[in-house]
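Scroll down for the structure; my scribbles are underneath it.
Derivation of every value follows stated rules applied to the coordinates shown; laboratory data play no part. This one's a predicted model, so the numbers in the text were calculated from it and none came from an experiment. FYI the Cβ positions are ideal-geometry reconstructions off the backbone, even for glycines, and counts take in every protein chain you see.
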Amino acid sequence: MSRVRGRAAPARPARLQDRPGRWKLIWRNQRRRLRSALLLCIVLGSGFATLYGIQALGDGSSLRERVGDVAASLGLRVDHVVVEGRTKTPEAMLRAALGIRPGEPILSYSLSEARQRLESIKWVDTATVERHLPATIRVRLTERRPFAVWQTDGKFLLVDRDGATVTESDVAAFADQLPLVVGTGAPAAAAALMDLLAGQPELQKRMVAAVRVGERRWNLRMTNGADVMLPETGEAAALARLAELQAHQSLLDRPLAVVDLRLPDRLVVRPPADPKPSVQGRRT
């Protein structure tokens, strides 16, 4: 007996989701805005509450001090002050310039003001002051390096390569290590002269002092007692000429009062007992 199969019912098409109504769309948009507004209110409320707490805890103080006091109550206090690069800066002056002690609030400490106070110390060239939370202040110093001893108005001072005064104390400790320069304007012009002398080591070791004359030129006082008079310009050529005379004629081993190199075409020397200068030759 044959079996009759019925036709399968046609598949019903998937029903599309109904499009939200106008009011439903408006409500969704408003709900997003309400969430953002609520979050903003929470943030602003927390900020106002924090500021009110700071105001209440530090009435009469600056905002920085109030913030520091609040942070200190949470444990942000100075426990360590680390200083790097100090060799000559007096420790008492360093502590006074830093102006902070362990246990004080770390956030209310002004790094810029501390740096300015440190750089007012003559030994200090530059200073860096950093705050490392939760409890460390780190200081890095670059100290000035004494370059010469400057004699002026009966005093001796240490000056750096730029001519700035480093200190008026501890000069004796550097007396045998640094050149002596004398006179007004000597510190600012010393570096150029010393660089020239570094290229003439035989002259450099015989120089006792460099005297600035009229803020224009130098006289070199040598170990034999002679004053070597250098010209206003062309010091390098004059020193090379003097080195050649020393090498070939041992000029600076003789007892002389003056060796005048101010004129490029002649050498004038004056012995100690002879009041009149003598001309030793003309260079052409």
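Please compute the modelled spin-label separation between Ser169 and Arg140, points set 7 Å along Cα→Cβ, answer in nm with one decimal.
Here the modelled spin labels are 2.9 nm apart.
For a quick protection proxy, order the peptides 97-105, 212-220 by their average other-Cβ count within 10 Å, most packed first. The partial results should precede the final answer.
On the way: 97-105: 14.9, 212-220: 17.6.
Highest-to-lowest ranking by the protection proxy: 212-220, 97-105.
Want the number for Gln204 to Glu244: 0.36 nm per residue separation, take away the alpha-carbon distance, what's left?
Contour length minus Cα-Cα distance gives 13.0 nm.
Assign unit charges at the C-beta atoms only (+1 for Lys and Arg, -1 for Asp and Glu), then state the dipole size of segment 148-282 relative to its Cα centre in Debye, rounded to the nearest 20.
On the way: 15 positive and 17 negative charges, 113 e Å.
Magnitude of the dipole: close to 540 debye.
Kirkwood-based Rg over Rh for segment 91-249 (C-alpha set), two decimals?
Reported Rg/Rh, Kirkwood definition of Rh: 1.16.
Net charge within 9 Å of Arg144 by Cβ-Cβ distance, Lys/Arg positive one each and Asp/Glu negative one each, not counting Arg144 itself?
0
For segment 76-143, what proportion of DSSP beta bridges, expressed in % and rounded to the nearest 5, is antiparallel?
Rounded to the nearest five, the antiparallel share is 65 percent.
Need one number: % antiparallel among DSSP beta bridges in segment 124-263, to the nearest 5.
75 percent
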